[in-house]
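A.B. asks: Input: one structure, supplied below.
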């Protein structure tokens, strides 16, 4: 069972991803870490690398190929990334796709607290990052990662604890896998 968890910065998706992977005893992949590794490989800071990615689609294509290859190589994995669900579904890789969202003010507070930064600086950076990513995803793939049609489950984490959301994801993913198996058995 592959599970992809997507959502904006500060939504809690990384924490939830790790909790889900722990509950299932699965490996997890943080696609953002892959992007950061790629920036480091080029000796660029994240902002500069993000701007470069707006002009050079091979960066996102390379990132996506790395993520898809990891997913295809491991059926028991949890992936966290903005395009993980839509990208895997688009490539016909079986996946239970989840979108974790939260109100912008809550997301900004979470990121500011986590990173020990000023709220205004986080707000500016987050909006710039989200615009950059949305522009790239639309230009390169014609994908809006906030389109609910890509997801099997959409969760708002604004007022729900991460452990409760992780339990919900595990339960719903198991039900989806059981239903898929039942349908295959009936068809066969």
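The values are calculated or read from the model by the stated rules, or taken from the named source; none is laboratory data. All values reported here derive from a predicted model rather than from experimental measurement. Neighbour counts run over all protein chains shown; Cβ positions are idealised from the backbone, glycine included.
A.B. asks: Name, by its number, the condition in (1) in a strand (DSSP E or B); (2) at pLDDT below 90 that does not hold for residue 61.
C.D. replies: Result: residue 61 passes all but (1).
A.B. asks: Here's something else I'd like to know. Is it the case that some residue within segment 29-48 is assigned to a strand (DSSP E or B), under 17 Å from the mean Cα position of the chain (by Cα) and either at pLDDT 95 or above or surrounded by 14 or more Cβ atoms within 10 Å (Cβ to Cβ) (or both)?
C.D. replies: Looking only at segment 29-48, we keep the residues that are assigned to a strand (DSSP E or B), and these are 29-30.
Add one more test, that the residue is under 17 Å from the mean Cα position of the chain (by Cα), and what stays is 29-30.
After this cut, where a residue has to be either at pLDDT 95 or above or surrounded by 14 or more Cβ atoms within 10 Å (Cβ to Cβ) (or both) as well, the list is 29-30.
Yes, that holds for at least one residue.
A.B. asks: Test each condition in (1) in contact (Cβ under 8 Å) with a residue 24 or more places away in the chain; (2) closer than 27 Å to residue 92 by Cβ; (3) assigned to a helix (DSSP H, G or I) for residue 69 and report the one that comes out false.
C.D. replies: In the conditions (1) in contact (Cβ under 8 Å) with a residue 24 or more places away in the chain; (2) closer than 27 Å to residue 92 by Cβ; (3) assigned to a helix (DSSP H, G or I), residue 69 misses (1) alone.
A.B. asks: If you don't mind, there's one more thing I want to ask. Would it be correct to say that residue 106 is over 14 Å from residue 6 (Cβ atoms) and either over 16 Å from the mean Cα position of the chain (by Cα) or surrounded by fewer than 19 Cβ atoms within 10 Å (Cβ to Cβ) (or both)?
C.D. replies: On the way: over 14 Å from residue 6 (Cβ atoms): yes; either over 16 Å from the mean Cα position of the chain (by Cα) or surrounded by fewer than 19 Cβ atoms within 10 Å (Cβ to Cβ) (or both): yes.
Answer is yes for this residue.
A.B. asks: Take the residues in segment 71-83 that are more than 20 Å from residue 23 (Cα to Cα) and modelled with pLDDT of 90 or more, then tell me which one is farthest from the chain's Cα centre (by Cα). Break it down stepwise before answering.
C.D. replies: To start, the set of residues in segment 71-83 that are more than 20 Å from residue 23 (Cα to Cα) comprises 72-73, 82-83.
When the remaining residues are screened for being modelled with pLDDT of 90 or more, the result is 72-73.
Numbers: 72: 16, 73: 18 Å.
Per the stated criteria, the residue is 73.
A.B. asks: On to the next question. When residue 64 is evaluated against the numbered criteria (1) within 14 Å of the chain's Cα centre (by Cα); (2) touching a residue at least 24 places away in the same chain (Cβ under 8 Å); (3) buried (at least 21 other Cβ atoms within 10 Å of the Cβ), which criterion, by number, is the only one it fails?
C.D. replies: Going through (1) within 14 Å of the chain's Cα centre (by Cα); (2) touching a residue at least 24 places away in the same chain (Cβ under 8 Å); (3) buried (at least 21 other Cβ atoms within 10 Å of the Cβ) one by one, residue 64 breaks only (2).
A.B. asks: Check off (1) within 23 Å of residue 45 (Cβ to Cβ); (2) buried (at least 18 other Cβ atoms within 10 Å of the Cβ); (3) in contact with a helix residue (DSSP H, G or I) (Cβ under 8 Å, 6 or more places away or on another chain) for residue 88 and give me the number that stays unchecked.
C.D. replies: (1)
A.B. asks: State the number of residues belonging to segment 147-164 that are surrounded by fewer than 17 Cβ atoms within 10 Å (Cβ to Cβ) and either over 19 Å from residue 2 (Cβ atoms) or in contact with a helix residue (DSSP H, G or I) (Cβ under 7 Å, 6 or more places away or on another chain) (or both). Even if it seems obvious, please write down each step before you answer.
C.D. replies: Residues of segment 147-164 surrounded by fewer than 17 Cβ atoms within 10 Å (Cβ to Cβ): 147-149, 154, 156, 158-161, 163-164.
Checking which are either over 19 Å from residue 2 (Cβ atoms) or in contact with a helix residue (DSSP H, G or I) (Cβ under 7 Å, 6 or more places away or on another chain) (or both) leaves us with 147-148, 154, 156, 158-161, 163-164.
Result for segment 147-164: 10.
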